[in-house]
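K.L.:
Got a structure for you, written out below as structure tokens; questions coming shortly.
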Amino acid sequence: MTEIRTPRLLLRSWHDDDLASMADINADPQVMRWTEDGSVRDLDHTAEDIERWEEEWDEEGFGLFAVELLASGELIGFTGLSVPEFLPEVMPAVAISWRLGSPFWGQGYASEAAHATLEFALQDRGLDRVISISRVGDNASENVIRKLGMAPERETTHPVHGYPLSVHAIDLTEFQA
Ligand SMILES: CC(C)(COP(=O)(O)OP(=O)(O)OC[C@H]1O[C@@H](n2cnc3c(N)ncnc32)[C@H](O)[C@@H]1OP(=O)(O)O)[C@@H](O)C(=O)NCCC(=O)NCCS
């Protein structure tokens, strides 16, 4: 799979030794607050997640990148693309998402990685449209979505968890790389 360098980050494939770092991120209630039912994930669940993300790369030709800090080599989380099958009303679609460890918030890393992911979607994968699905109240994600230039498309309800969701979209043919 493609590796992407940004000024401060490396977006890359998953390595075996990412499991412990990603499990630490997934064990933090602050990080998981806005994801699915808000519960934390243990090491086994994280291992299953990473396996599924790798399969998605094989099946779709895109997926979630491991995001590494160039300065230190630390894994700080993920950003990438997936098919949002859990929300049939928006399909067919490709969605961008992100999750960083809390020590790495507030430094512009999520926006830097997301911007590079949209460039990858357009230039490498030839996608012309990407959506985001965020839980209403997840202000940190909404801030990233706004900075990427994504436009509000619809409000809906999570089919399993029942909470309100916002769907945004961007026409990548108008995206300023
Ligand atoms: C959502 C999430 C990725 C956002 O991360 P973030 O660090 O807040 O987002 P950004 O990368 O845009 O950085 C935000 C701030 O960094 C600051 N910053 C510091 N240095 C910066 C730099 N060099 N460049 C840009 N911004 C910088 C900016 O002030 C910016 O805030 P502003 O846009 O209000 O000015 C993070 O909160 C997260 O992982 N949350 C948990 C997972 C989650 O909720 N995922 C979505 C649900 S599935």
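K.L.:
Find me the longest stretch of the chain that has none of the exposed GluC sites (Glu not before Pro), where exposed means in a DSSP loop (not H, G, I, E or B) with at most 14 other Cβ atoms within 10 Å.
P.N.:
Answer - 86-177.
K.L.:
Taking 7 Å along the Cα-to-C-beta vector as the label spot, tell me the Q123-D28 distance in nanometres, rounded to one decimal.
P.N.:
3.0
K.L.:
Return a whole-number percent for the relative contact order of the chain, with Cα pairs under 8 Å and 6 or more residues apart as the contact set.
P.N.:
That works out to 18 percent.
K.L.:
Once fully extended, how much extra length lies between S102 and L70, figured as 0.36 nm per residue of separation less the alpha-carbon to alpha-carbon distance?
P.N.:
Value of the extension gain: 9.8 nm.
K.L.:
In nanometres, what is the gap between the two model label sites at T35 and D171, each 7 Å from Cα along Cα-to-Cβ?
P.N.:
In this crude label model, T35 to D171 measures out at 3.3 nm.
K.L.:
Largest first and in whole Å, give the semi-axes of the stretch 30-177's equivalent ellipsoid, each being the square root of 5 times a Cα gyration tensor eigenvalue. Mind dumping the intermediate values first?
P.N.:
Working: eigenvalues 86, 77, 56 Å².
Ellipsoid half-lengths, sorted descending, are 21, 20, 17 Å.
K.L.:
Something else: Once the piece of chain linking E59 and A140 is laid out straight, how much longer is it, given 0.36 nm per residue of separation minus the C-alpha distance between them?
P.N.:
Contour length minus Cα-Cα distance gives 26.1 nm.
K.L.:
Right, something else. Once every DSSP H run of n ≥ 4 in the chain is given -39500 (n - 2.57) and the sum is divided by its residues, what mean residue ellipticity at 222 nm do you get, rounded to the nearest 500 deg cm²/dmol? Don't skip to the answer; put the middle values down first.
P.N.:
Working: 5 runs with 52 residues, N = 177.
Taken over the chain, the calculation gives -8500 deg cm²/dmol.
Any read-out appearing in this document is the output of simple, stated calculations on the displayed coordinates, not a laboratory observation. This one's a predicted model, so the numbers in the text were calculated from it and none came from an experiment. Here Cβ is always computed from backbone atoms with ideal geometry, including for glycine, and neighbour counts include all displayed protein chains.
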